[in-house]
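Comments concern the structure below.
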Amino acid sequence: MIAVDSSTLVAYLQHELGQDVERFETQLAQANVVLPPVVISEVTSARPDDPELLSLLSQLRPLTLLEGYWERTGRLRFLILSNGRKSRLGDALIAQSCIDHNVALITRDTDFRHYAAHGGLTLA
């Protein structure tokens, strides 16, 4: 399984090109994609009635939140911030979901590199 971030999902829906979109399309065709719950909130807040988005979301399984998720996310965010890096809450929530389920993340958002370098996130 592999997870997808909002940045790649939006790029895919806007028919943009990129390695992340290609990787997403390949994994989607193999029914291998899961969604961190925050990604669902992010993309539907921008396009709540988009039939293409809603159809796509119906094909993807959301990751579950494991016990202690909120505390682990707080510690992860603290770790990134204490290393002098930017850590938006949404990104920390997405990263922790992926870390908890040991799934790599497809993204075009370069801020996730800090979670890979310091927090154990695997980037696809």
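Observations on the structure shown:
- Residue match in the stretch 81-92 (condition: surrounded by 12 or more Cβ atoms within 10 Å (Cβ to Cβ), in a helix (DSSP H, G or I) and either charged (D, E, K, R) or touching a Lys or Arg at 6+ places or on another chain (Cβ under 9 Å) (or both)): yes
- Scanning the stretch 19-39 for residues that are in contact (Cβ under 8 Å) with a residue 12 or more places away in the chain, β-branched (Val, Ile, Thr) and farther than 22 Å from residue 66 by Cβ turns up just one, 21.
- Checking 16, 42, 67 one by one, the residue that is outside any loop (DSSP other than H, G, I, E, B), free of Cβ contacts under 8 Å to residues at least 60 places away in the same chain and of a type in the set (Asp, Glu) is 42 and no other.
- Screening residue 124 against (1) among the small types (Gly, Ala, Ser); (2) under 15 Å from residue 3 (Cβ atoms); (3) touching a residue at least 12 places away in the same chain (Cβ under 8 Å); (4) out of contact with any helix residue (DSSP H, G or I) (no Cβ under 7 Å at 6 or more places or on another chain) leaves a single unmet condition, (4).
Quick note: the coordinates plus some simple rules give every number you see, no bench work behind them. These numbers come from a predicted model, not from an experiment. Heads up, the Cβs are rebuilt from the backbone with ideal geometry, glycines too, and the neighbour counts pull from every protein chain shown.
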